[in-house]
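Quick notes on the structure that follows.
Values quoted throughout were computed directly from the atomic coordinates according to the rules given, and no laboratory measurement underlies them. Just so you know, these numbers come straight off a predicted model, no measurement behind them. Glycine gets a Cβ as well: all are built from the backbone with ideal geometry, and neighbour counts include every protein chain shown.
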Amino acid sequence: MGYATLETHNLKLETLKMTDRQRLKEIILEKSFRKGKFKLTSGLESDFYFDGKQTTLSAEGAYLCGKLIFELIRKHPEKIGAVGGMTLGADPLVTAASIASFLAQDPIPAFIVRKESKGHGTNQFIEGQKNMQQGCLVTLLEDVVTTGGTLLKVIDRVEEQGYKVAQIITVVDRQEGGAETLKEKGFTLESLFTRDELMADA
């Protein structure tokens, strides 16, 4: 076995020894974490930034996010009928989670919530409703949660259509009030990682 082949073999073995969560953490820190001065969607300023889409749009990152999110969905005590979120941050996540559910032979359809209604045709806010059972329980996804403002909008739009939000999952909780804001409204925020967990290795 040549050196290059041996090196590749050892890398594969090392990757296999990692848990999915450990590997996803590496990817997030490599692709999505940035230090500097940034203005967030919430309007707040920060000296660090998690650009979640750099992870969720990578092949391995999307796969791992979908798999880990689906594991949390499966642990929910009630049957989840669909998984969705606000465009654009949630788009790759809802697709990855839906594909993970199909591969696990427990398919859950995905849906996307528009920022603005279509303005033509059905003029709807939610795409994918034909795959959803009316009134079903849904899981909402977000790549990064700061204050929770975006999720509150999504909750309103989803519940206006007759669905019930049963679970909310984010890849990264920045721990800047989002979980508390959602709790005040009766929702629990679950996260794959918190800011503290990621910053410990940043």
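Give, in nm to one decimal, the length gained when the segment between Glu184 and His76 is fully stretched (0.36 nm per residue of separation minus the Cα-Cα distance). Each step should come with its number before you reach the end.
Numbers: separation 108, 0.36 × 108 = 38.88 nm, distance 2.04 nm.
Result: 36.8 nm gained on full extension.
Would you mind telling me which residue in Pro107, Pro92, Pro77 has the biggest mean-square fluctuation in a Gaussian network model of the chain, where springs connect alpha carbons within a distance under 10 angstrom? Largest GNM mean-square fluctuation: Pro77.
Given their separation in residues at 0.36 nm each and the Cα-Cα distance between them, Thr19 and Thr87 gain 21.6 nm when the chain is fully extended.
Would you please name the trypsin sites (Lys or Arg not before Pro) within the stretch 43-112 that are DSSP coil residues with at most 12 other C-beta atoms within 10 Å of their C-beta?
On the way: sites: Lys53, Lys67, Arg74, Lys75, Lys79; in loops: Lys79.
Sparse-neighbourhood loop trypsin sites (Lys or Arg not before Pro): Lys79.
Checking the cross-link pairs Lys75/Lys164; Lys164/Lys185; Lys39/Lys183 against a 22 Å limit on the alpha carbon distance flags Lys39/Lys183 as lying beyond it. For the residues Asp156, Asp143, Asp47, a GNM of the chain with alpha-carbon springs under 10 Å puts the largest fluctuation on Asp47. If R0 equals 30 Å, the separation of the Cβ atoms of Lys37 and Lys153 corresponds to a calculated FRET efficiency of about 0.65.
The base-10 log of I(q)/I(0) for the chain, evaluated at q = 0.14 Å⁻¹, reads -0.82 [Debye formula, identical scatterers on Cα atoms, solvent excluded].
Looking at the stretch 150-202, which trypsin sites (Lys or Arg not before Pro) are DSSP coil and have at most 16 other C-beta atoms within 10 Å of their C-beta?
Values: sites: Lys153, Arg157, Lys164, Arg174, Lys183, Lys185, Arg195; in loops: Arg174, Lys185.
Qualifying residues, ordered by number: Lys185.
Can you grab the distance from the C-alpha centre of the stretch 145-165 to the C-alpha centre of the stretch 28-42, Å, no decimals? Each part's Cα centre sits 24 Å from the other's.
Over all Cα atoms in the stretch 115-202, the spread is summed up by Rg and Dmax: 14.8, 49 Å.
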